[in-house]
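> Let me begin by handing over the structure; questions about it come next.
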Ligand SMILES: Nc1ncnc2c1ncn2[C@@H]1O[C@H](COP(=O)(O)OP(=O)(O)OP(=O)(O)O)[C@@H](O)[C@H]1O
Ligand SMILES: [Mg+2]
């Protein structure tokens, strides 16, 4: 049985897109068949970061104007020795962003049905993982992604407002939908009071009263790469890659459904 993972956060810029891409690639490099989806219709990113254009977008699939096989782009060749690595893109044009932001509740309910049916069409037909990169906060499209997912990866920084918002989402959103969550603390800056991963884990598990799946330092190399390098493929011995591979390992061992 495959897993659907939504990568979400309270605030923007916490590293959801970076984590989604690298986690998808890490799982594919472990031999899993993975499909990565850009469900951030507010600020689509994957088309630019992965330098691919689509003929059909996820917007079209959710609108009901095409089926999912038309949307998926095969990027398996980008990774060496991997399982399948496919992506579904969100349309980054201004027109499409404006159109998506004007959708009403009825349309969103229909879109939820389309997302839910991906489990049958993809997970039951050879994909092991569907990974959803989402918009931050309580956007309708993100709620739909969370409802559809088996596991929500919550990216959090040490920013005070991010922590307060994440705490609320844990209690009032993920718990409400009875979703299993794994928190990833990103952009960690170590100092005397926070010396290592174990310190971060202890301190943040107390703050969130929820399991911490991993802690990732703030790396200048990651920042400099501007999101266009798939670290787990192109920088295999980088500490970021080692941490991502460990997180992928933990997720692969998790029983979620
Ligand atoms: N651990 C890290 N070290 C250094 N830079 C990082 C790290 N994690 C993320 N970044 C950088 O922070 C910026 C934001 O990351 P990213 O776009 O993945 O966040 P996001 O949560 O997807 O943002 P948005 O909410 O706007 O979609 C990017 O420039 C990314 O390279
Ligand atoms: Mg993003």
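> Considering only residues that are away from ligand 2 (no atom under 16 Å from the Cβ), farther than 17 Å from residue 162 by Cβ and out of contact with any helix residue (DSSP H, G or I) (no Cβ under 6 Å at 6 or more places or on another chain), which ones fall in the stretch 202-223?
202, 211, 220, 221
> Looking only at helices (runs of 4 or more DSSP H) that lie completely in the stretch 68-143, which have at least 2 residues being closer than 26 Å to residue 13 by Cα?
Correct list: 94-101, 105-116.
> Scan (1) on the phi > 0 side of the Ramachandran plot; (2) under 18 Å from the mean Cα position of the chain (by Cα) for the single condition residue 186 breaks and write down its number.
It fails just one condition, (1).
> Now, a different point. Only residues that are within 16 Å of ligand 2 (Cβ to nearest atom) and in a helix (DSSP H, G or I): list them for the stretch 48-67, please.
48, 49, 58
> If you don't mind, another one. Taking the residues in the stretch 1-17 that are outside any loop (DSSP other than H, G, I, E, B) and near ligand 1 (Cβ under 10 Å from one of its atoms) as candidates, determine which candidate is surrounded by the fewest Cβ atoms within 10 Å (Cβ to Cβ). Break it down into steps so the answer makes sense when it comes.
Going residue by residue through the stretch 1-17, those that are outside any loop (DSSP other than H, G, I, E, B) are 3-8, 16-17.
If we keep only those that are near ligand 1 (Cβ under 10 Å from one of its atoms) as well, we get 7-8, 16-17.
Values: 7: 29, 8: 31, 16: 26, 17: 21.
Only one residue fits best here, namely 17.
> Checking the structure you have, find out if any residue of the stretch 136-144 is touching a strand residue (DSSP E or B) at 6+ places or on another chain (Cβ under 7 Å), closer than 22 Å to residue 33 by Cα, surrounded by 19 or more Cβ atoms within 10 Å (Cβ to Cβ) and in contact (Cβ under 8 Å) with a residue 12 or more places away in the chain.
There is no residue in the stretch 136-144 that is touching a strand residue (DSSP E or B) at 6+ places or on another chain (Cβ under 7 Å), closer than 22 Å to residue 33 by Cα, surrounded by 19 or more Cβ atoms within 10 Å (Cβ to Cβ) and in contact (Cβ under 8 Å) with a residue 12 or more places away in the chain.
> Looking only at the stretch 23-38, decide whether some residue is more than 26 Å from residue 137 (Cβ to Cβ), surrounded by fewer than 19 Cβ atoms within 10 Å (Cβ to Cβ), over 17 Å from the mean Cα position of the chain (by Cα) and within 16 Å of ligand 1 (Cβ to nearest atom).
Within the stretch 23-38, none of the residues are more than 26 Å from residue 137 (Cβ to Cβ), surrounded by fewer than 19 Cβ atoms within 10 Å (Cβ to Cβ), over 17 Å from the mean Cα position of the chain (by Cα) and within 16 Å of ligand 1 (Cβ to nearest atom).
> Moving on. Taking residue 79, is it touching a strand residue (DSSP E or B) at 6+ places or on another chain (Cβ under 6 Å), in contact (Cβ under 8 Å) with a residue 60 or more places away in the chain and within 16 Å of ligand 2 (Cβ to nearest atom)?
When the stated conditions are applied, residue 79 does not pass them.
> So which pairs qualify, if the first residue must be in the stretch 187-208 and closer than 13 Å to residue 158 by Cβ, the second must be crowded, with 16+ Cβ neighbours inside 10 Å and at pLDDT below 90, the Cβ gap must be under 8 Å, and the two must be at least 6 apart or on different chains?
As it stands, the answer is 188/194; 200/194; 203/194, since those pairs meet every condition given.
> To continue, here is another question. Checking the conditions here, which among 20, 45 is within 22 Å of residue 143 (Cβ to Cβ), buried (at least 24 other Cβ atoms within 10 Å of the Cβ) and within 12 Å of ligand 2 (Cβ to nearest atom)?
The unique qualifying residue is 20.
> Taking the options 256, 232, name whichever one is within 15 Å of residue 23 (Cβ to Cβ), touching a residue at least 12 places away in the same chain (Cβ under 8 Å) and assigned to a loop (DSSP other than H, G, I, E, B).
Numbers: 232 fails: assigned to a loop (DSSP other than H, G, I, E, B).
One residue alone meets the criteria, 256.
The values are calculated or read from the model by the stated rules, or taken from the named source; none is laboratory data. What you see is a predicted model, and the numbers here were worked out from it, not measured in a lab. Here the Cβ is made from the backbone with ideal geometry for all residues, glycine too, and neighbour counts use every protein chain on show.
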